[in-house]
Amino acid sequence: MDKGVDGPILRMASAFSVPAPVKVFFSVIFKESKWLAQGIALIEKRLNTTLEISSALPFNHTRYYDEEMGEGLQRVLAFACGLFPRVMLPFIKHLARSVEADLAEDGKRRVNIDPGFMTLEQVCLLTFKNYYHRFYLGYGVLAEITLIYRKGTYSPLQWTYPDYAEKELIRIFNEARPQFKTELAKGGWL
């Protein structure tokens, strides 16, 4: 066996520990409320949880979805009740894609569902697309650190999507943080 400076290479500087669970959320972009309701119901059923849903906000940061979904889109953030182990994150991304597909008609989505997760230190989005600021989780899914918590608020980074850098979305995440922290404490994670 190779020897490090201070013994076997297998000797670690720090002990292994399971990371704290996360607060999962879904950004749901929609045109018609009935498709939002159906999407939320499918997520709740498949994830076996309930979702706490923010007020709808206009989604006018890009025209990217207009051809597929129409104009006048809105967005809600739906936070899953309870905490989730990080190993579930790839499953959650695939679950979101399956709900989009189940509600689509003629290959066009009626809802766009982008899941993500909160930690006390960051807000991350889940994606299938690789890029230099994303890290691989498994099963084709990557995570992107989108906001970091500093000076009492979540703050954007150079690559943060403009809509996630807006005060209104940051306010929603900041308001969700104390409840998340309480859940972590109740679970013995703090």
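Could you derive backbone 3J(HN,Hα) for segment 138-145 from the dihedral phi with the Karplus parameters 6.51, -1.76 and 1.60 (θ = phi - 60°), listing whole Hz in sequence and x where the residue is Gly or Pro?
3J(HN,Hα) across segment 138-145, in whole Hz: x, 6, x, 9, 10, 10, 10, 6.
Quick check on packing: order 91-97, 113-119, 135-141 by the mean number of other C-beta atoms within 10 Å, highest mean leading.
Most protected by this proxy first, the peptides run 113-119, 91-97, 135-141.
Full-extension gain between Arg86 and Ala101, please, as 0.36 nm times their residue separation minus the C-alpha to C-alpha distance.
Between Arg86 and Ala101, full extension yields 3.0 nm more.
Just to confirm a number: summing +1 for Lys and Arg and -1 for Asp and Glu over residues other than Thr160 whose beta-carbon lies under 12 angstrom from that of Thr160, what do you get?
-3
Who wins for biggest fluctuation among Val99, Val87, Val22 in a Gaussian network model of the chain, springs between alpha carbons below 10 Å?
So, out of Val99, Val87, Val22, the one fluctuating most is Val87.
Once you charge only the Cβ atoms, +1 for Lys and Arg and -1 for Asp and Glu, what is the size of the charge dipole of the chain about its Cα centre, to the nearest 20 debye?
On the way: 24 positive and 21 negative charges, 111 e Å.
In debye, rounded to 20, the chain gives about 540.
Work out how much length Lys186 to Ser17 would gain on full extension: take 0.36 nm times their residue separation and subtract the Cα-Cα distance, in nm to one decimal.
Value of the extension gain: 59.0 nm.
Compute from the Cα atoms of the chain the Rg and the Dmax, the latter being the longest Cα-Cα distance, and quote both in angstrom.
18.5, 64
Along the charge dipole of the chain, pointing to its positive end and built from +1/-1 on Cβ of Lys, Arg, Asp and Glu, which listed residue (Leu42, Val22, Phe79) has its Cα farthest out?
Val22
Tell me what the chain gives for mean residue ellipticity at 222 nm when only DSSP H runs of n ≥ 4 count, each as -39,500 (n - 2.57), the sum divided by the residue total, rounded to 500 deg cm²/dmol.
Here the helix-only value at 222 nm equals -9000 deg cm²/dmol.
State the number of lysine pairs found in segment 59-190 whose Cα atoms come within less than 29 Å, restricting to pairs 8 or more positions apart or on distinct chains.
For segment 59-190, qualifying lysine pairs total 11.
Taken together, the values in this text are just the output of simple stated rules run on the coordinates, not laboratory data. Here the structure is a predicted model, which means the values were calculated and not measured. A quick note on method: Cβ atoms are made from the backbone with ideal geometry, for glycine too, and the neighbour counts reach across all protein chains shown.
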